[in-house]
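I have placed the structure first, in the form of structure tokens, so that the comments after it can refer back to it.
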Ligand SMILES: NC(=O)c1ccc[n+]([C@@H]2O[C@H](COP(=O)([O-])OP(=O)(O)OC[C@H]3O[C@@H](n4cnc5c(N)ncnc54)[C@H](OP(=O)(O)O)[C@@H]3O)[C@@H](O)[C@H]2O)c1
């Protein structure tokens, strides 16, 4: 039987780490796309100590750097004939206005654009696999923003909640566009909201202690990373049931109006292709 291959971004902390540990029995090869290679190697050693037959590859991939994303994706294409499941899990919350290497606002550039490009380059390889699955870790925060115009310009005024929410709404629209254009060709694509989870999200080396304190103070409001990974795990096990859906607490969940604006979605995708200088939505040589 062919090897089952999983690739995941952001596996070195929080929800991603729990996801990988839970899925280690279900795949033969796991590709860890990590910003920090040392953390990736550490996770690899934990995984192979527990799962003797598992093959684990660590690939450096900083989603806030498009050239680096391209390099990581090309390395995967060179080494693996297909990918059964890509989980776009990595995410960043920044309380201050920051730029990616390519000049985009950090959260929009990382959470949305970096993953868009990664998926674009890996798309043919996903469509060649048995499972043909993409899972996008989005967020219920999509409700607090709308896409509007000027998403690709570095903002003059910065609101961290709106910027994070916008980046997550963009990932939801990305899921919907993937479903609309490719479900009839066998693609299985789902967005999940993990819930409010106690992780390292929003913490930096400057505010780490404060972040820990906040998570501790509001402990009862947060679930564990293992619980936060539950929807993603469930979706890997029933790709047809959740195809095209937004999943929360393991169940298909209706989107509120902010997540359903067709014209905003179409404009976002058009502008994304322009910003990334791509001439088609998702690379397929047979298109
Ligand atoms: N926690 C929540 O309550 C919550 C709620 C809704 C949605 N989410 C979403 O869940 C996902 C996982 O977040 P989490 O809560 O588990 O946070 P986390 O503990 O901070 O983990 C985030 C992961 O993303 C990686 N990452 C950050 N910036 C990156 C970059 N530029 N390039 C590549 N990887 C990068 C981190 O790498 P390092 O280990 O190197 O830092 C880490 O592995 C995110 O998409 C987040 O938006 C979380």
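Some observations on this one:
- Computed FRET value (nearest 0.05) for residue 184 with residue 3, which takes r as the C-beta separation and R₀ as 25 Å: 0.40
- Rh (Kirkwood; distinct C-alpha pairs) - the range 48-112, Å: 13.9 Å
- Each of 139, 285 was scored by other Cβ atoms within 10 Å of its Cβ. Listed from fewest to most, they are 285, 139.
- The percentage of C-alpha pairs in the range 1-73 whose separation is greater than 14 Å is 56%.
- Normalised by residue count, the chain yields a Cα convex hull volume of 130 Å³ per residue.
- Residue separation of residue 251 and residue 157 scaled by 0.36 nm, minus their Cα-Cα distance, works out to 30.2 nm of gained length.
- CD proxy at 222 nm, helix term only [per DSSP H run n ≥ 4: -39500 (n - 2.57); per residue of the chain; nearest 500]: -12000 deg cm²/dmol
- Whether the range 129-253 is rounded, prolate or oblate, judged on the alpha carbon gyration tensor where a/c under 1.5 counts as rounded: oblate
- Across 124, 180, 17, mean-square fluctuation computed from a Gaussian network of the chain (C-alpha pairs under 10 Å connected) peaks at 180.
- Rg(Cα)/(2.2 N^0.38 Å) for the range 40-174, N = residue count: 1.15
- Comparing 257, 88, 36 in a Gaussian network model of the chain (Cα springs below 10 Å), the most mobile by mean-square fluctuation is 257.
Only the coordinates and a few stated rules stand behind these numbers; no lab work does. No experiment lies behind these values; they were computed from the predicted model shown. Ideal geometry is used to build each Cβ from the backbone, glycine not excepted, and the neighbour counts take in all protein chains shown.
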